[in-house]
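The values are calculated or read from the model by the stated rules, or taken from the named source; none is laboratory data. Treat the numbers as computed from the prediction; the structure is a model and nothing was measured. Cβ placement follows ideal geometry from the backbone for every residue including glycine, while neighbour counts extend to all protein chains displayed. Surface accessibility is based on the protein's heavy atoms, side chains included, excluding ligands, DNA and RNA. Shrake-Rupley method; radii C 1.70, N 1.55, O 1.52, S 1.80 Å.
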Amino acid sequence: MFDALIREAAERFGLGDKARTFVGLLIGLIFNKGSGGFQGLQRRFAAAELDGLFASWVDATVADNVFQPDQFSAVIGNDEVTRIARRLGVPNAAVTIAGATLLPKLVGMLTRGGSLPDTPPAAAAALMGDEPAPLRSYPPVAKSGGIGWLKWLIPLL
């Protein structure tokens, strides 16, 4: 369902292997219960006086360039943009540009039938759960006391 968006994020916006995670993070923003879910997102658009724009995406196939990067930042919030950018290891500008293009498409895809769902469909929920594999931890290397390496140098001198 989201393969075309993931491919677009990877190729068009240079996110490469981070594209799947990025789309999952956007879906997570849409369904974030802490900020009111889909209805909360709609309220953030209304607060930014962009409610008409948001309404135009519901149950629609959205074309490119209908949402500007500065509008994306205004609705999502600069702190959230920074959090996503750090998570992906990309500049904030990459997040705002890609998000401004992909968020309208996601809203259109997720609102088929004209209503804002309370829960994500299974394909969206699967992306939201994508977390990078945890880094393997190794036990710390035991440090020898003091000048342990020097004992090998003295005989060589």
Just want the answer: with Cβ charges of +1 for Lys and Arg and -1 for Asp and Glu, which residue in Leu25, Ser56, Pro69 is farthest toward the dipole's positive end in the stretch 7-84? Leu25
For the stretch 1-73, what does the convex hull of the Cα positions come to per residue, in cubic angstrom? 107 Å³
Rounded to two decimals, what is the ratio between the C-alpha radius of gyration of the stretch 47-97 and 2.2 N^0.38 Å? 1.25
Using the 2.2 N^0.38 Å rule of thumb for compact globular proteins, work out how the stretch 1-124 stacks up: its C-alpha Rg over that value, please. 0.96
For the stretch 5-63, what does the accessible surface come to per residue with a 1.4 Å probe? Please give it in Å². 48 Å²
By average C-beta atoms within 10 angstrom, highest first, the peptides 71-79, 110-118, 22-30: 22-30, 71-79, 110-118
